[in-house]
Structure formats: structure tokens, C-alpha cells
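Rule-based calculations on the coordinates, nothing more; no lab input. Every value quoted in this text rests on a predicted model; they were computed, and no experiment measured them. Note: ideal-geometry Cβ built from the backbone for every residue, glycine included; neighbour counts use all protein chains shown.
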Amino acid sequence: MQWKETIEHLERRKRTVYTEPVEADLSIVLSGLLENPAIVRGKRVLAFKPQEWMPEIPPPKGWMLYYPILQKYYDDFIDLSGLNPRKSAKRIIEYINGIDKS
């Protein structure tokens with residue numbers, strides 16, 4: 001997945017994207033691969049594409065190996081399977097908007 005393009009789409013839609021941890025009520029981690037989730041603040045949400053986690057193992061089996069561990073670090077997940085960067089950004093914003101309304 002082209003995370004840089006997803007970030008560009010988020011920023012075009014007036015969403016702030018940080019590359020370093022900051023104090024926040026909600027933190028959405030893009031990809032999460034090779035990230036230390038313990039440093040993320042607030043509600044932790046992983047926006048991911050399962051195929052990135054274990055590309056040699058067909059989904060969902062590869063992802064399912066990591067899932068029990070990631071549940072300990074993340075409060076929620078946004079599956080971006082099959083979405084291009086523009087649609088991935090849209091799904092992330094819809095998630096944020098859904099939280100804002102609750």
C-alpha cells in the first residue's frame with residue numbers, strides 16, 4: 001500500500017498527520033508494521049492492510065498470527081483491504097467522524 005499517498009489524501013482533507021508520537025485522544029497508526037504501539041497515546045487504532053503483515057501467507061491466515069498480540073496494544077482496527085490510497089483516506093476519515101458523533 002502506498003502510505004505516502006494515503007497521507008497526502010488525508011492532508012488534502014484537512015487532517016493532521018504526525019510522524020512522531022504526540023499527546024492525543026485518538027491515535028490512528030497507519031500500517032503499524034515495525035511500529036512500537038506502546039508509545040502511541042489516547043485510543044489506539046491500527047489502520048492496516050493484512051497482506052502487508054505476512055505477504056507470503058494468503059490472508060487472513062498471515063494476519064491472524066499477529067492479531068491476538070495486536071489486540072493487546074490497539075483498541076480498534078480499520079481494515080483497508082482492497083482500497084486505493086484515496087479510498088483508504090476516506091475510510092479513515094469516516095472512522096474519525098463516527099467517533100466524533102458518538
Return a yes/no flag: does the stretch 42-61 have any residue that is within 21 Å of ILE99 (Cβ to Cβ), among the β-branched types (Val, Ile, Thr) and either touching a helix residue (DSSP H, G or I) at 6+ places or on another chain (Cβ under 8 Å) or outside any strand (DSSP E or B) (or both). yes
Mind listing just one residue for me: the one in the stretch 1-54 that is out of contact with any Leu (no Cβ under 6 Å at 6 or more places or on another chain) and of a type in the set (Phe, Trp, Tyr) and, of those, surrounded by the fewest Cβ atoms within 10 Å (Cβ to Cβ)? TYR18
Taking ILE57 as meeting all but one of (1) under 21 Å from LYS72 (Cβ atoms); (2) surrounded by 14 or more Cβ atoms within 10 Å (Cβ to Cβ), write down the number of the exception. (1)
In the stretch 84-94, how many residues are surrounded by fewer than 17 Cβ atoms within 10 Å (Cβ to Cβ) and closer than 18 Å to GLN51 by Cβ? 3
Of the conditions (1) loosely packed, with under 14 Cβ neighbours inside 10 Å; (2) on the phi > 0 side of the Ramachandran plot, ASN97 clears all except one; give me its number. (2)
Selection from the stretch 15-39 of residues that are part of a loop (DSSP other than H, G, I, E, B), β-branched (Val, Ile, Thr) and out of contact with any helix residue (DSSP H, G or I) (no Cβ under 8 Å at 6 or more places or on another chain): THR16, THR19, VAL22
